[in-house]
Every structure is written in structure tokens, then in C-alpha cells.
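K.L.:
Sending over a structure as C-alpha cells; questions will come in a sec.
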Amino acid sequence: MPSNTPIIAADKIPADLYPVIKSLCTVAVDVVKIIAKGPLGQSLGHEVGENSDGDGQKALDVLTDEMFAADLKNQNVRWYASEEQEEVVELNPQGTLALAIDPLDGSSNIDVNVSIGTIFSIYNAKDGANESFLRPANEQICGGYIIYGPQTGLMVTFGKGTQYYLLDPDTGTFVLIEDGVTVPADSNEFAINASNYRHWTKPVRAFIDDCVAGVEGPREKNFNMRWVGSLVAETHRILTRGGIFLYPSDARPGYEQGRLRMVYECAPMAFLIEQAGGQATDGSDPIMNHQAEKLHARTPLIFGTSGKVARVATYHDLPEEEVSALFGSRGLFRN
Ligand code: AHG
Ligand code: MN
Ligand code: MN
């Protein structure tokens, strides 16, 4: 790559955030190489321990966390909150930003050569480490992800729409290919881990039952289902061709608030989706109005095409007797 070509063009990125975005992109290019090499380089998907939440940590989870933290230490980032670290870490005491990160999202897909990613969220730092992140999601100044798939891309928002940059492997630079990404409105795809059906609440079951019933059901149309197991890949599909994603709360112990983490998974995805004209809720309320009570707190997450997310909220708003009645009559939501 020519030495005078920046890894990502500066003109659409707020000047105060540009060095941090550049740092994330620089590390991402190295991560891409490690992923592409797979077991020819080092074993990436083997378990090396557990994070604070009791989730198994894979070698690549730990490695990417170290790589991002090491580079961001030289930037204007004071507080670094990572899925892989129990507490917030102080990187640069002079820094004015607070950055939360899921360094490697979709770790169950590392060894099967399926898209994975990095999710990040940026706030202006406060004096306290935790208070810099335990605040309403609508105080984010940047949210985004990097997807490592057949193509590598950066989806990012600074609160003025959602931008998509694609890594050109010939030049090693991220090229802006879409400024003003919008969630398409006319998709009939839903994404949920259907193996948990028996654990879901009635409103979620009613919504999915109605999708699965297809043309014979109250929705009177057929739906298609996808479940990748990488939030980044699901979000990327929805930003590209619409649809709805659900990781609701369910009856399994530990899943009372779903699975996904508010600070470094749900908040940045909600920011990207809302800036692209979609909606993101916990089933009823916008994620952007939420505030995590603990660094690794979870929240149910439902997002995508606006009309579909609003419909799920309608199911949640019904009194219990009416949701139960849905199982019998299936008539309430006839279009
Ligand atoms: P992570 O790899 O960072 O722990 O995140 C995995 C998440 C998310 O990417 C995905 O949507 C979800 O876990 C999949 O969960 P299930 O295995 O329960 O389907
Ligand atoms: Mn994740
Ligand atoms: Mn992760």
C-alpha cells in the first residue's frame, strides 16, 4: 500500500474521533490476516479460559482484546471496557474518550470459517471508569462494527446516518461505499435461535408462530428464517436486506435478560440500526433509552425493519389473556 494513502479517508469522520477509527481499522487489518491464516498460523478457536460472565474464552477472543487494547493505548482513549475484561481498564490517563468493545463477536464461528466481527461503542469519558459506560445509550458519540467475512467492512455511525466502508484487499484501505445506509423495509426474514422456542415468553412465541404459519396464518405471507450465531453477521444482513433479529429473554436460568450485553453489543447495534431508519428495542422500549446497571449487564434485543419491530412491541403490550387467546384464534393481527 502506498505510504501516503490513509487506511480510511478522513472527510466523513469527525476529526476528534478519526485517530481512534484509524486505530480500529489498523488492528482489524491484522486481525483479518490472523483469521485468514486459521490453523496454518495458530489455533484460534480453542478454549483458553472463562470471562467474568462465565462465557468460555477462545484464543482469538483474548488475542483480539490484547491487540485492540495495545493500539488504543496510544490514542485519546482513557477508559476501555471489554467483554473479555472484568473491569474497565485505564489506557491513556490523558484521554477524553471511553470505548467499549466486543473484540471478537461470534466466537462459536471461528473454527467453522463463518463471518465474525468486532463491535465498538464510544462515549465522551467521565471522571469515573464505570460511569463512563453506565449511562443512556443515546449518549454514544459513535457506534460500529467491523465484519470479518468473505469481505471485510466497517459499519459506523457518528449520529448523522450510518456509513459503510469496505476494505480493498489490493490497497489495504477502507473505502466508503455507502453513506446513508438504510434498513430495507420490505424483507420477510426473521432471525432467532428457534431451538429455544419452549423457553420463550408467550408474546415471542405468538410473533414467531404467526411468521411460521406463512400464507395460511394471520400474516398471510411466507417468511424465511436465518440464524448465523454472530450478531455482527445478522446485523450486517439486516442493514443490507432488512428483516428482524430477536434475542429475547427466556426461561433458562441466566437468560432472564436474554444473552446479549448492553454496553458493547446492544447499544452500538441499536445506534447503527436507528441511524439507518430501523428500530431496536428490548421488546417494548427503545434500547437507545436504556442504561446498563452493570458493565456486563444483558438485555433482550429485538431490532431491524421498523414495522416488524413495532409489531413485536404490540404483542408485548397485549394483556396476558389476549396473548393466550392468540394461540387459539390467530385472528387479532390479520392485515
Ligand atoms: P460472543 O461470541 O461475543 O460471545 O457473542 C455471541 C453472541 C452473538 O454473536 C450471537 O448472536 C449469539 O451469541 C448467539 O447465541 P446462541 O449461541 O445462544 O444462539
Ligand atoms: Mn458478542
Ligand atoms: Mn465476543
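Coordinate-derived values only; no laboratory data. Nothing here was measured: the structure is a model prediction, and the numbers come from that model. Glycine also receives a Cβ, built like all others from the backbone with ideal geometry; neighbour counts cover every protein chain displayed.
K.L.:
For segment 103-124, which positions are near ligand 1 (Cβ under 9 Å from one of its atoms) and out of contact with any strand residue (DSSP E or B) (no Cβ under 8 Å at 6 or more places or on another chain)? Walk me through it before giving the result.
P.N.:
We begin by selecting, within segment 103-124, every residue near ligand 1 (Cβ under 9 Å from one of its atoms); these are 103-110, 116-117, 119.
The one that is near ligand 1 (Cβ under 9 Å from one of its atoms) and out of contact with any strand residue (DSSP E or B) (no Cβ under 8 Å at 6 or more places or on another chain): SER108.
K.L.:
Tell me, yes or no, whether segment 43-63 has at least one residue that is within 16 Å of ligand 1 (Cβ to nearest atom), in a helix (DSSP H, G or I), more than 24 Å from ALA297 (Cα to Cα) and touching a strand residue (DSSP E or B) at 6+ places or on another chain (Cβ under 9 Å).
P.N.:
There is no residue in segment 43-63 that is within 16 Å of ligand 1 (Cβ to nearest atom), in a helix (DSSP H, G or I), more than 24 Å from ALA297 (Cα to Cα) and touching a strand residue (DSSP E or B) at 6+ places or on another chain (Cβ under 9 Å).
K.L.:
Could you tell me whether any residue of segment 262-278 is surrounded by fewer than 23 Cβ atoms within 10 Å (Cβ to Cβ) and either in a strand (DSSP E or B) or free of Cβ contacts under 8 Å to residues at least 12 places away in the same chain (or both)?
P.N.:
Taking every residue of segment 262-278 in turn, none turns out to be surrounded by fewer than 23 Cβ atoms within 10 Å (Cβ to Cβ) and either in a strand (DSSP E or B) or free of Cβ contacts under 8 Å to residues at least 12 places away in the same chain (or both).
Each row is one residue, and each column tells you yes or no for (1) of a type in the set (A, V, I, L, M); (2) more than 17 Å from the chain's Cα centre (by Cα); (3) assigned to a strand (DSSP E or B).
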site	(1), (2), (3)
ASN138	no, no, no
GLY144	no, no, yes
PRO150	no, yes, no
VAL183	yes, no, no
PHE190	no, no, yes
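K.L.:
Still on this structure: Give the residue that is farthest from ligand 2 (Cβ to nearest atom), with candidates limited to residues of segment 107-124 that are surrounded by 24 or more Cβ atoms within 10 Å (Cβ to Cβ) and small (Gly, Ala, Ser).
P.N.:
It comes out as SER121.
K.L.:
Same structure again: Inside segment 67-124, can you point out the residues that are more than 25 Å from GLY159 (Cβ to Cβ), assigned to a strand (DSSP E or B) and of a type in the set (Asp, Glu)?
P.N.:
Across segment 67-124, the qualifying residue is only GLU90.
K.L.:
For ASN188, only one of the following conditions fails: (1) in contact with a strand residue (DSSP E or B) (Cβ under 9 Å, 6 or more places away or on another chain); (2) within 16 Å of ligand 3 (Cβ to nearest atom); (3) touching a residue at least 40 places away in the same chain (Cβ under 8 Å). What is its number?
P.N.:
(2)
K.L.:
In this structure, is GLY278 of a type outside the set (Val, Ile, Thr) and within 12 Å of ligand 1 (Cβ to nearest atom)? Before the answer, list the steps.
P.N.:
Values: of a type outside the set (Val, Ile, Thr): yes; within 12 Å of ligand 1 (Cβ to nearest atom): no.
No: the conditions fail for GLY278.
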